[in-house]
Amino acid sequence: MEKATETEKMANEAIPLDEKDKAILRLLQADAKITVREIATKIHLSTTPVHERIKRMEDTGVILRYATLVDHSKVRKGLMAICYVSLKEHNKRSGARFIKTIQELPEVVECYIISGEFDFMLKVVADNMDDYYDFHVNKLGQVENIGQVQSTFVMGVIKQTYQQIR
């Protein structure tokens, strides 16, 4: 087995966060457009240490990126499906090919490796059922090495949050 590089080791290590770091993360998770000055006021620090803490969390990978959350129904992506996918072959090469292909499909907005009967769980958005059918048959259905696909359609969203630091 190959030795992990220092960068790989750091990428997998938990980064120690104090209460001020967690407070900054909570504020950024609630509103990524909040200014450093507003954060500083709310957590009772000056702007320089707040900026330095944010920069450290970005550099160490605690903060991966800033994103805009979109109401799918308002941008004509009103159908959401959860697709459970199992592969025929379970080896590194075929798994990597599947993952590379899924990353290129714009309809797939999230993909998870899962345990159980299926290997992957995909969150898919589409305009409507016809659009989803086209995706299922002409894109997902053409992906090499798929054994089984089970689709479940989301009828409503009760809770959707990206706030992981409480």
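For log10 I(q)/I(0) by the Debye sum over Cα atoms at q = 0.14, 0.16, 0.18 Å⁻¹, pick the label among [x] -0.94, -1.05, -1.13; [y] -0.76, -0.94, -1.13; [z] -0.82, -1.03, -1.23 that corresponds to the value derived from the coordinates.
[x]
With unit charges on the beta carbon (Lys/Arg positive, Asp/Glu negative), name the residue among Ala40, Leu25, Leu64 whose Cα is farthest towards the positive pole of the charge dipole of the chain.
Ala40
Sort out the exposed loop chymotrypsin sites (Phe, Trp or Tyr not before Pro) in the chain (DSSP loop, at most 15 other Cβ within 10 Å) and tell me the longest stretch that has none.
So the longest stretch without any such site is 67-161.
Given Cβ point charges of +1 (Lys, Arg) and -1 (Asp, Glu) and nothing else, what value in debye, to the nearest 20, does the dipole of the chain about its Cα centre take?
Roughly 440 debye for the chain.
Using the Cα centre of region 72-153 as the reference point, and only Cβ charges (+1 on K/R, -1 on D/E), how large is the resulting charge dipole? Debye, rounded to the nearest 20.
240
What lysines could a cross-link reach from Lys22, if we take a straight Cα to Cα line under 21 Å and drop same-chain neighbours fewer than 8 places away?
Leaving aside lysines fewer than 8 places away in the same chain, those within reach of Lys22 are Lys33, Lys42, Lys55.
Compute the distance from the alpha-carbon center of region 103-140 to that of region 36-62, in whole Å.
So the separation of the two Cα centres works out to 37 Å.
As a footprinting exposure proxy, order Arg53, Arg166 by other Cβ within 10 Å, with the fewest listed first.
Ranking Arg53, Arg166 by Cβ neighbours within 10 Å, fewest first, gives Arg166, Arg53.
Given Cβ point charges of +1 (Lys, Arg) and -1 (Asp, Glu) and nothing else, what value in debye, to the nearest 20, does the dipole of region 57-106 about its Cα centre take?
320
With runs of 4+ DSSP H residues as the only contributors, calculate the mean residue ellipticity of the chain at 222 nm using -39,500 (n - 2.57) per run, divided by the residue total and rounded to the nearest 500.
-10000 deg cm²/dmol
Pull up the cross-link candidates among the lysines for Lys139, meaning alpha carbon to alpha carbon under 27 Å and not fewer than 8 places away within one chain.
Candidates past the 8-residue exclusion: Lys74, Lys77, Lys88, Lys92, Lys100, Lys123.
Using 0.36 nm per residue of separation minus the Cα-Cα distance, give me the extension gain between Asp18 and Asp134 in nm, one decimal.
36.9 nm
Computed from the coordinates by the stated procedures, all read-outs in this text should not be read as laboratory data. Note that the structure is predicted; figures quoted are calculated from it, not measured. Backbone-built Cβ (ideal geometry, glycine too); neighbour counts: all protein chains shown.
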